[in-house]
Structures are given as C-alpha cells and as structure tokens.
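Structure first, then comments.
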Amino acid sequence: MRHLKSGRALGVKPAHRRAMMRNMVTSLLEHGRIRTTVTRAKELRKPLDEMITLGKQGDLAARRMALRFVKSKASMAALFGDLAERYKERAGGYSRIMRLGPRRGDGAEMAVMVLVGGENDPFAEDTKGRRRRPARQPKPVLDAVAEEVRAGEAPKAKAASSKAGHRAKAPAEEGEAGAAAPAESEKKE
C-alpha cells in the first residue's frame, strides 16, 4: 500500500528524482520552455510554482531557499527579476503543458512545458482574459414583430399566421373534398 506517499515515482530512485526535478526547474527558468514527458511535466508543476513564489517574495531568505534548489545564476536572475515582475499579480499556475503526441522510441506521451505569458508561450495574448462569444442577433422576422409590439400594434398576420394558416388550411381542404363528393354524386344522377 502507498499510504502517505504522494507524488509520482517516475521509475527512478528518490535522489535521482530530486536531481531531475532540480535540473528541469533550472532549465525551464533559464530557457522558458522544455520538452519532456507528460508525467514528468505534471510532476514538475509543484516545485516550479514553489520557486516562482519564492521569487515573488524576493527577500534574502527566499533567495537562499531558492538557491538550494535552482543551480544556475542565470535561472536565479530570471527568477528574482523578470519572472517575479511578470507573475506579481498572478496567484498560481505559472506553467502550461502542451501535449505533442507519442515519442517514437517507446511511445511515451511527450509534451512541451512553457512559462505562461513568456515569449515561448503561443497563447500569451489570451492570458488577459477569456474572449466571449458575441451576443446572438435576433432573427429579422422576430425583430420586426418585437418592434410592432413595442409600438403597441398587433403583430401583422404574416408572422403570426404561418401556424394559423397551416391549421386553417387543413379543415378547408377536407371541406373542399367533402364538397366535391356531393357534386360528383349530383352529376351521376
């Protein structure tokens, strides 16, 4: 049983897993995007969010804690400089995982992980807010009827009679057929 064992093992020993996460966070902070498997990318989100949160704090204690994890001067400069400014108002979710499909060698699902709002993010212009669909325009016939109702007039027969005309037409046809039958019987006599 795996009680209280959170996270994915990723098929490696714990020391290897920690080193891999540190290397991937460092590379992602330095380059803005990395290519990895979907499982590793999902597991990478937590330490990356922790590091960016430390970067947003910006004090000496946060720098020292981040330096225990991030192993590159360029990554530290990006973390406490550009990224801290970019994500100052953002509460979380600093990365985006975009699936690429299976890897050719072993069929593992591959993904590209990018920092949200960076130069490598293809959806950077959409981060300002969700675009909404334009409101549906009323149909012209219904629009004309609505204007007549607002003006206080009764709707014209054309818009309202389409159903009534169909109902009225059916009994008239029966009546015509009924009327035609006696006429034919009169002709025979």
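The values are calculated or read from the model by the stated rules, or taken from the named source; none is laboratory data. Predicted, not measured: the structure shown is a model, and the values here were computed from it. Heads up, the Cβs are rebuilt from the backbone with ideal geometry, glycines too, and the neighbour counts pull from every protein chain shown.
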Filter the stretch 76-112 down to the residues that are among the small types (G, A, S) and within 23 Å of V38 (Cα to Cα), then identify the one that is farthest from the chain's Cα centre (by Cα). G105
Which is closer than 30 Å to P14 by Cα and at pLDDT below 95, of G129, G93, G55, G118? G93
Filtering the stretch 67-103 for residues that are of a type outside the set (S, T, N, Q), without any contact (Cβ under 8 Å) to a residue 60 or more places away in the chain and in a loop (DSSP other than H, G, I, E, B) leaves a count of 11
Taking the stretch 1-41 only, how many residues are farther than 26 Å from A78 by Cβ and either of a type in the set (S, T, N, Q) or out of contact with any helix residue (DSSP H, G or I) (no Cβ under 6 Å at 6 or more places or on another chain) (or both)? 12
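Which count do you get for residues in the stretch 32-60 that are in contact (Cβ under 8 Å) with a residue 60 or more places away in the chain and either in a helix (DSSP H, G or I) or not basic (K, R) (or both)?
Step one: filter the stretch 32-60 for residues in contact (Cβ under 8 Å) with a residue 60 or more places away in the chain, giving 32-39, 41, 44.
Then keep just the ones that are either in a helix (DSSP H, G or I) or not basic (K, R) (or both); that gives 32, 34, 36-39, 41, 44.
Residues meeting the conditions: 8.
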Take L83 and tell me if it is on the phi > 0 side of the Ramachandran plot and at pLDDT below 95. no
Unique match (being assigned to a loop (DSSP other than H, G, I, E, B), more than 16 Å from the chain's Cα centre (by Cα) and modelled with pLDDT under 60) among P155, P134: P155
Verdict on R64 being exposed (fewer than 12 other Cβ atoms within 10 Å of the Cβ) and at pLDDT 95 or above: yes
